[in-house]
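Below: one structure, written as structure tokens.
The values are calculated or read from the model by the stated rules, or taken from the named source; none is laboratory data. Just so it is clear, the model here is predicted, and its values are computed rather than measured. Backbone-built Cβ (ideal geometry, glycine too); neighbour counts: all protein chains shown. The protein model used for the area step is the full one, side chains on, heavy atoms only, and it has no ligands, DNA or RNA in it. Shrake-Rupley method; radii C 1.70, N 1.55, O 1.52, S 1.80 Å.
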Amino acid sequence: MPRRRIGFWYRFAAVLCKPPLVVLIKRDWRGMENIPAEGGFITAVNHNSHVDPFAYAHYQYNTGRVPRFLAKAGLFRKGFVGAAMRGTGQIPVYRESTDALSAFRAAIDAVERGECVAFYPEGTLTRDPDGWPMTGKTGAARVALQTKCPVIPVAQWGANELLPPYAKKPNLLPRKTHHVLAGPPVDLSRFYDKEMSPDLLKEATEVIMAAITAQLEELRGEKAPETPYDPRQVRIEQRRRTRAQEKAQELAQAQQAQAQQEEGQST
């Protein structure tokens, strides 16, 4: 299937965004040969800065296969921003949908039209203290298994040094380097033509996240933690600790009240 042309709006966005990106960050871009020249596919990318969607879009724009990002449907209805989102072919996600697969129907359609759909499987900026990828959500796996398209794992590092996660001010000096490494397609063939159960989607997502993490290990020259940071498990543990503290406080208060009562009776 032929690739879709870049189009006016994407070129216009590039004219606006590329000059400041070139000034602010140096580039160490590798693995472009793994970006398919034709046909629909997914890139699964780690997310560690509010700047990295622009920096990563710059990388992939230069491959000639522009990414179509998933974004909240509401953004497509707001003036110039909405016009730009529609014009650049970004993909609305209707989060109010109760059908998980329907929520990604537009992404499936885009892949089947021969587009590249860029997923941030973590769903948000990583909360791992050292910037490693967290556990992923299953959207990318759903679309990949539905379409059987290539999934290209992409790791990036450096935009987070320009603007750390949740920071409000950029760290401009010294000039940072945006490192990107795209790997070969993830082999998900063993999951094809099977019921998309929660367990199967979870396992396929873990395979995708492991591939992204492996690329990031190569970029950073470091080893990732054995167990990815899991925000859900962290929240569960935090609630458990809070309940334990509350119970301990209640017990201490009860013991203090009993001691005061016994002291009053003895006098």
Between residue 254 and residue 242, what is the label-to-label distance in nm when each label sits 7 Å out along the Cα-to-Cβ direction? 2.2
Rounded to the nearest 0.05, what FRET efficiency is calculated for residue 124 and residue 199 with R0 set to 35 Å and r the Cβ-Cβ distance? 0.90
At 1.4 Å probe size, what's the solvent-accessible area of residue 29? Round to the nearest 10 Å². 50
Spatially near lysine pairs across the chain, Cα under 15 Å, sequence gap of 8 or more or different chains: 5
Among 73, 182, 159, whose mean-square fluctuation peaks in a Gaussian network model of the chain (Cα, cutoff 10 Å)? 73
Per-residue SASA entry for residue 78, accessible area with 1.4 Å probe, Å² rounded to 10: 120
Inter-label distance, nm, simple model (7 Å from Cα along the C-beta direction), residue 30/residue 233: 2.9
At 1.4 Å probe size, what's the solvent-accessible area of residue 6? Round to the nearest 10 Å². 30
Take each complete run of DSSP H in the chain, measure how far its Cα atoms stretch along the helix's own axis, and keep only those covering 20 Å or more with mean Kyte-Doolittle hydropathy at least 0.0; list them. 8-24, 198-220
Among 15, 139, 118, which residue has its Cα furthest toward the positive end of the charge dipole of region 1-143, with +1 on Lys/Arg Cβ and -1 on Asp/Glu Cβ? 15
May I ask you to derive the FRET efficiency for residue 171 and residue 222 from their Cβ-Cβ distance with R0 = 25 Å, giving the value to the nearest 0.05? 0.75
Where only protein heavy atoms count, and the probe is 1.4 Å, what is the accessible area per residue for the chain in Å²? 56
Using +1 on the beta carbon of Lys and Arg, -1 on that of Asp and Glu, and nothing else charged, what's the dipole of the chain about the Cα centre, debye to 20? 1400
5 Å is the cut-off here: which amide hydrogens, built 1.01 Å from N in the peptide plane, fall below it relative to residue 178, excluding neighbours closer than 5 in sequence? 26, 27, 28
Candidate cut points under trypsin sites (Lys or Arg not before Pro) in region 148-200, DSSP loop plus at most 15 other Cβ atoms within 10 Å of their own Cβ, are 148, 168, 175, 194
Take the solvent-accessible surface of the protein heavy atoms, probe 1.4 Å, and return the percent of it on region 154-238 that carbon and sulfur atoms account for. 54
Among [x] 18.9, 62; [y] 21.4, 70; [z] 23.1, 93, which is the computed Rg and Dmax of the Cα atoms in Å? [z]
Build a GNM of the chain with springs between Cα atoms under 10 Å: which of 117, 154, 81 gets the top mean-square fluctuation? 81
In the Gaussian network model of the chain, springs joining C-alpha atoms below 10 Å, which of 147, 43, 138 carries the largest mean-square fluctuation? 147
For residue 210 and residue 146 in one chain, what is 0.36 nm times their gap in residues minus the Cα-Cα distance, to one decimal in nm? 21.0 nm
Which FRET efficiency, nearest 0.05, do residue 38 and residue 109 yield, Cβ-Cβ r, R0 25 Å? 0.90
